[in-house]
Each structure stands twice: as structure tokens, then as C-alpha cells.
Amino acid sequence: MAEAASPAAASPAASAPSADKFLTAEEVQRATEVFESFDLHSMGRVKLFELSKMLEEAGISLSATEVALCRDRVDDEGTRQIRLDQFINLISKHKQTKMQNESDLLGAFVACGGNEDGSGEVNPEVMAGLIEDFGLNVDLAYLKESASMDPNADVGYDKFQIIVNTSQAS
């Protein structure tokens with residue numbers, strides 16, 4: 001006769017995935033701790049309405065729309081709940097996307113004349129030329145002004161990030 005599964009075998013920590021290529025073991029451990037702090041009955045699932053708070057606790061700040069998209073992606077079983085493996089996968093995908101965005105941003109900085117290590121500066125005229133060449137709807141002068149920058153000054157990587165991120169939020 002088969003034995004019933006022990007509660008420990010069903011606990012979230014017992015089924016915690018190991019670190020993947022995007023998350024370190026420490027990040028997986030932290031995500032597990034966050035998940036377990038919301039899994040009050042140790043059922044291995046947390047109601048999806050808690051996802052925004054869970055992500056904040058994990059250090060991820062998303063808009064309400066982004067959280068809603070995450071909820072839709074993880075609720076593949078229609079339970080309106082999230083499992084630990086889904087939560088960790090969500091955090092991993094977020095980190096992946098963030099890394100890709102940072103890589104793309106650095107690539108754009110280099111295309112404008114900056115260095116691959118993020119050092120150097122780019123000329124606003126070069127930036128304006130690329131914006132025009134790609135038909136982007138970006139008002140570079142306005143963005144530089146809103147970032148409290150001299151409109152004629154060269155732009156380092158830190159200011160370049162502010163300008164690009166401001167234009168994407170507009």
C-alpha cells in the first residue's frame with residue numbers, strides 16, 4: 001500500500017528549483033523566502049492577488065499593467081494561484097529582460113560613439129542623427145532639458161540612460 005505524501009515533501013522549500021543561468025543560488029533562496037512568507041498555510045501556492053506585494057518584497061518594482069501581464073502568464077492552470085517554481089521563473093525572466101535591456105542600451109551608447117565599458121561620452125549631434133536616421137519620435141533637446149543637462153554638452157553613459165529611459169516612458 002502506498003504511503004501518503006508527508007507535508008514536508010509538499011513544502012515549497014522541498015520543491016524549490018535550483019539556480020538557473022540567470023539567478024544565483026542566493027537569489028533563488030531569497031525568492032523562496034519571499035514566497036514562503038506569503039504561503040501562510042504551507043500549501044505551496046499563493047493567491048495571485050499577492051503577486052505585486054511579493055515582487056516588491058523581492059526587490060522588483062512593476063507597474064500595475066506589468067503585474068497584470070505577469071499574473072496572466074503564470075496562471076497557466078487557471079487556479080488564480082502561483083507556485084514557487086512559477087515565482088522563481090518569473091523573477092528569472094525579469095532579470096533576463098533587465099539584462100537584455102541594459103545590453104541593448106549599452107549597444108546604443110556604443111553606436112553613438114561611447115565605449116563598450118560604458119566610459120566616454122557621445123555627442124548630442126550624433127545622438128540626434130541616429131534618432132533621425134531611425135525615425136524615432138524623440139525630442140532630444142526636451143529630454144536633455146528635463147534631465148537638467150546642458151543641451152550642447154556631450155553625454156556620458158549615466159545621462160544617456162536617463163535620456164533613453166525618459167523617452168521610453170513618454
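If we keep just the residues of the stretch 142-170 that are at pLDDT 75 or above and over 26 Å from the mean Cα position of the chain (by Cα), which is most open to solvent (accessible area, probe 1.4 Å)?
The selected residue is D154.
Name the residues in the stretch 1-51 that are at pLDDT below 50, open to solvent by 50 Å² or more (accessible area, probe 1.4 Å) and not in a helix (DSSP H, G or I), would you?
Within the stretch 1-51, M1, A2, E3, A4, A5, S6 meet the criteria.
Identify, please: which residue in the stretch 66-90 is more than 14 Å from the chain's Cα centre (by Cα) and part of a helix (DSSP H, G or I) and is, among those, surrounded by the fewest Cβ atoms within 10 Å (Cβ to Cβ)?
Restricting attention to the stretch 66-90, the residues satisfying the condition of being more than 14 Å from the chain's Cα centre (by Cα) are 68, 71-86.
Filter once more, so that each one left must be part of a helix (DSSP H, G or I): 68, 71-74, 84-86.
Details: A68: 14, R71: 16, D72: 10, R73: 12, V74: 20, L84: 24, D85: 15, Q86: 22.
My answer is D72.
Here is a list of conditions, (1) open to solvent by less than 80 Å² (accessible area, probe 1.4 Å); (2) at pLDDT below 85, and D139 meets all of them except one; can you say which number that is?
(1)
Tally the residues that are surrounded by fewer than 17 Cβ atoms within 10 Å (Cβ to Cβ), farther than 19 Å from V34 by Cα and not aliphatic (A, V, I, L, M), restricting the search to the stretch 91-119.
Number satisfying all stated conditions: 15.
Can you tell me which condition M54 does not meet? The list is (1) open to solvent by 70 Å² or more (accessible area, probe 1.4 Å); (2) at pLDDT 95 or above, and all the others hold.
Of the numbered conditions (1) open to solvent by 70 Å² or more (accessible area, probe 1.4 Å); (2) at pLDDT 95 or above, the odd one out for M54 is (1).
Taking the criterion of being hydrophobic (A, V, I, L, M, F, W, C) and farther than 19 Å from T97 by Cα, would at least one residue in the stretch 28-35 satisfy it? It would help to see each step written out before you state the result.
Within the stretch 28-35, the first condition is being hydrophobic (A, V, I, L, M, F, W, C), and the residues that meet it are 28, 31, 34-35.
In the following step, the residues that additionally are farther than 19 Å from T97 by Cα were identified as 34-35.
Yes: one or more hits.
The values are calculated or read from the model by the stated rules, or taken from the named source; none is laboratory data. Everything numeric here is computed off the predicted structure, so don't read it as measured data. Note: ideal-geometry Cβ built from the backbone for every residue, glycine included; neighbour counts use all protein chains shown. In case anyone asks, the SASA skips ligands and DNA or RNA and just uses the protein heavy atoms, side chains included. Shrake-Rupley method; radii C 1.70, N 1.55, O 1.52, S 1.80 Å.
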